[in-house]
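Right, one structure below, let's go through it.
The values are calculated or read from the model by the stated rules, or taken from the named source; none is laboratory data. Everything quoted here is computed from the prediction, not taken from an experiment. Glycine also receives a Cβ, built like all others from the backbone with ideal geometry; neighbour counts cover every protein chain displayed. Note: accessible area is taken over every heavy atom of the protein model, side chains too, but ligands, DNA and RNA are not part of it. Shrake-Rupley method; radii C 1.70, N 1.55, O 1.52, S 1.80 Å.
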Amino acid sequence: MSWYVLYTKPRTEKRVAESLEQMGVEVYFPLITEIKQWKDRKKKLKTPLFKSYVFIKLEEKNRNRVFDVPGVVRYLFWLGKPAIVRNEEIEVIQEWLDCEKVDDAKVDHLNQGDKISIKNGVFKDHEAIIREVGNRKMRLILPKLGCTVEVLTKEVI
């Protein structure tokens, strides 16, 4: 059995994941905790790490079963075939999300397009390219993993 990536309609990832689990499909739906602020309050919310994407593990012959679930749009394709995610890549994401160690670091010297080497944590010794730098978050492209991750700026380097 292989891990595949499903593209879903926006904001339906959780419902899709729950429906697939009820069908007996193994689902990985990574969530992160974000603090959202409105004028009158702050609230911690669990949001998808990869918006509009859900990872599923099933046999290739059963791939069409997922289209019975409302909200599923299509599989993510790579070179004309459904993209397969290796177990090691899923494990890296799981380890990264389970890692609670946060080191403070000042990132005012980093700019979009800079190449960096991650010095600690789950992505230790991985190369990354900075895609965006915000006040609280940074988006990094991890070429070896073929993905983009969003991290709090105090978690970088």
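Values for this structure:
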item	result
Sequence of THR33, THR8, THR148 from largest to smallest accessible area, 1.4 Å probe	THR33, THR148, THR8
Shape category assigned to the stretch 28-86 from the gyration tensor of Cα positions, a/c cut at 1.5	prolate
Structure-derived P(r) over Cα pairs in 5 Å bins from 0, in percent: which label, when the choices are [x] 2, 9, 18, 22, 23, 17, 7, 1, 0, 0; [y] 2, 9, 16, 18, 16, 12, 9, 7, 5, 3, 2, 1, 0; [z] 2, 8, 16, 19, 18, 15, 12, 7, 3, 1, 0	[z]
Of all accessible heavy-atom area on the stretch 1-89, the percent that carbon and sulfur account for (1.4 Å)	50 percent
Inter-label distance for GLU132 and SER52, nm, one decimal - labels placed 7 Å from Cα along Cα-to-Cβ	1.4 nm
Separation in nanometres of the label points that stand 7 Å from Cα toward Cβ, at LEU110 and LYS36	2.6 nm
The chain, accessible area per residue, ligands and nucleic acids excluded (1.4 Å, Å²)	68 Å²
DSSP-assigned coil residues among trypsin sites (Lys or Arg not before Pro) in the stretch 13-63, each with at most 13 further Cβ atoms within 10 Å	LYS39, ARG41, LYS51
The stretch 31-72-the stretch 122-148 distance, computed between alpha-carbon centres (Å)	20 Å
